[in-house]
Amino acid sequence: MNYKLLFSHRKLWTLGRRRSTSRLHEGIRVSGQALFSSCSPKVCVVGSGPGGFYTAQHLIKARPDVELDIYERLPVPFGLVRFGVAPDHPEVKNVINTFTQTAKHSRCNFYGNVNVGRDVTINELKEAYHAVVLSYGAEGNRTMGVPGEDLAGVYAAKDFVGWYNGLPNCRELNPDLSCETAVILGQGNVALDVARILLAPINDYILFLQSTDITQPALEALAQSQVRRVLIVGRRGPLQIACTIKEIREMVNLPGTKPEMLPADFEGISEVLKDVPRPRKRLTELMLKTALETPGEKELERRKSASRSWGFRFFRSPVEVLAEPRTNKTSAIRLAVNRLEVEGFTRAVLTGEVEDVTCGLVISSIGYRSLLIDPGLPFDSRKAIIPNSMGRIQHTPGVYCSGWVKTGPTGVIATTMNNSFDTARSMMEDMDSGALDVSAVKSGSQSITALLRGRGVKPVTFADWEKIDSVETKKGEAEGKPREKLLSVEEMLQVAQT
Amino acid sequence: MSAFLFVPSLCRAALPLTLCCCVVVFCTSHHRSDNKVTVNFINRDGDRITVKGSPGESLLDVVINEDLDFDGFGACEGTLACSTCHLIFDEEMYKKLGPVTDEEMDMLDLAYGLTDTSRLGCQICLSKSLEGMVARVPESVADIRQTKDAEVVSFYKH
């Protein structure tokens, strides 16, 4: 059975059932746009990552009258699916197929290259639409707040990920990979993505990476990398680790590498495991097996032939990044040793003890952070989210949120999907109850595109993106990759506007 | 009887070049229409939807081919990279479904409303022995995972 073929003419089941309805609407739109437009609820979504697209998908499907516009700051859609998901996880990017069908729906329009907050304000969007959904994600990052954080050789994981994934403002990062040991602070899935990429250039794995959409400059830099050992550091213990089991299993099986754990970190863990729910239990058991069990013959052989290593380091917080005095480059990181205290939740408390780990590369992966894009919006700066209830933004009628700006930067794609559906449901409830008034006539994209034109902003349509997509796919084909991403906004716009 | 083969997904790491195809359930299909298998889905509203699938198809295939409207179902298109085709069975049927790979369990661990008889629809291959099966689409309740996990943390005393 050819699975690819099966999906190539697969229907968008979430929308497909209403295919006849959408055709009907398309007809009306062509023959009398003003008539149709005046009586339909108009919604805009700010941000075209999973949060934005899943909200859009649910709204379009559940309300056959909604007209929806998606605004995106970059000329290219899909947010973290394009710029966050690791290149060696191409299967996760299959969600793009469904997003594309949403974008091409007759009641959906995409406007890329529009920076909401700068090119157009939230108030202007509120004026033009019945409802606004903010799903612009978390483009900032939490900082460690320790001396030496700005030294050469210290990078935010967000930028490192952006670099190998072709995020335009990270293309000049050129990380220095000439050292042997890299320390990653944080133990979430992003930390493990970075670890895998750093350890990849060995054996088959580099060949595999060559067949992904990783950028060519990153691939070349990684091929020259001297990094042989990656330590992944967390404040708390194995039971609090933030990554998911799939990512740990990938590390355990990563070709050419062996685990390097500290058995003492796992003391007392197996005793508490029996009362722990299955997901946490299985994840912890996998770590215990890796750290403590004597490997079988085959695994022993595998570990013996490994030229690179990785390991978790628990109960450690960064205190200072130390520099080599002569070059002023990162030479080590000083870590404080923690113990755990349980007070409702488990927190790390300093013991006063410190230790230095020699390393030339420090990548801080302690979390993304949403930014405030309009001073008129409420914002919880401690949690770095927009305060909301089921996606309804506090004290701001008609404005909703979804994705990481709603929940904070956690969860897998299914988490964002469900949360985004919730936001869409909230909005529909409000439409039905009258809490959201959709009776007034709104101008929608007509007035916004006019505003943008006046300000010299030329939006990129979905058809324009398809031109970029086709150029990228062609460039990739020559190298045996699914695509070779265009690396600058200028290049993207040039292709879009030809 | 349809022969089916779960390609061991351990090969994902060992042979990353085959990453995209080795997680797919390969089955030999019978194309005779009289050989169809009846499948009952219980959707999120509790409604029963009865459809037929061919031996060899996965339950995700059936959902797609029959154009069933389970919002968000099968986001990664059957590549074992998400948990959105999560289905729940009764114990007896669950036992008939055969062994579960570690990789499927890993993804199930991220599913909303995980039960002891949960499976991923993309990994279940239809055969005549599953005739009349009932598969329930779990309700998607946000934040269930975070709540559960927060409780776990307090188990740990160092």
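Figures for the structure shown
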{"read-out": "Inter-chain Cβ neighbour average for residues B:65-71, partner chain, 10 Å", "value": "5"}
{"read-out": "Exceeding the 32 Å Cα-Cα cut-off - candidates A:K126/A:K475; A:K42/A:K93; A:K42/A:K158; A:K406/A:K458", "value": "A:K126/A:K475; A:K42/A:K158"}
{"read-out": "Residue-count net charge about A:E320 - beta-carbon cut-off 10 Å; Lys, Arg +1, Asp, Glu -1", "value": "-1"}
{"read-out": "Listed residues A:L361, A:S317, A:G296: farthest to the positive end of the dipole of the stretch A:262-374 (Cβ charges)", "value": "A:G296"}
{"read-out": "Burial ranking of peptide ranges B:103-115, A:474-486, A:400-412 (average Cβ count within 10 Å, highest at the top)", "value": "A:400-412, B:103-115, A:474-486"}
{"read-out": "For the stretch A:252-399, projected area of the alpha-carbon convex hull averaged over all directions, nm²", "value": "15.1"}
{"read-out": "Cα centroid of the stretch A:135-174 to Cα centroid of the stretch A:408-422, whole Å", "value": "23"}
{"read-out": "Three semi-axes of the equivalent ellipsoid, the stretch A:190-275, Cα gyration tensor, whole Å, largest first", "value": "30, 13, 12"}
{"read-out": "Chain A: translational diffusion in µm²/s, Stokes-Einstein, Kirkwood Rh over Cα pairs, 37 °C, 0.692 mPa s", "value": "134"}
{"read-out": "Per-residue mean of C-beta atoms belonging to partner chains within 10 Å, peptide A:272-284", "value": "5"}
{"read-out": "Between the stretch B:39-72 and the stretch A:260-330, the alpha-carbon center distance in angstrom", "value": "42"}
{"read-out": "Average beta-carbon neighbours from other chains, 10 Å sphere, peptide A:337-343", "value": "2"}
{"read-out": "Over chain A: helical MRE at 222 nm, DSSP H runs n ≥ 4 each giving -39500 (n - 2.57), nearest 500", "value": "-11500 deg cm²/dmol"}
{"read-out": "Positive minus negative residues near A:V227 (Lys, Arg vs Asp, Glu; Cβ under 13 Å)", "value": "+2"}
{"read-out": "Mean-position separation - Cα centroids, the stretch A:55-76 and the stretch A:454-498, in angstrom", "value": "21"}
{"read-out": "Relative contact order [Cα under 8 Å, 6+ residues apart], chain A, whole percent", "value": "22"}
{"read-out": "Compactness of the stretch A:113-259 - radius of gyration and Dmax, Cα, Å", "value": "18.5, 58"}
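Every number in this text was worked out from the coordinates using simple rules, so none of it is lab data. What you see is a predicted model; the values in this text were computed from it and never measured. Cβ coordinates were reconstructed from backbone atoms using ideal geometry, including for glycine residues, and neighbour counts include every protein chain displayed.
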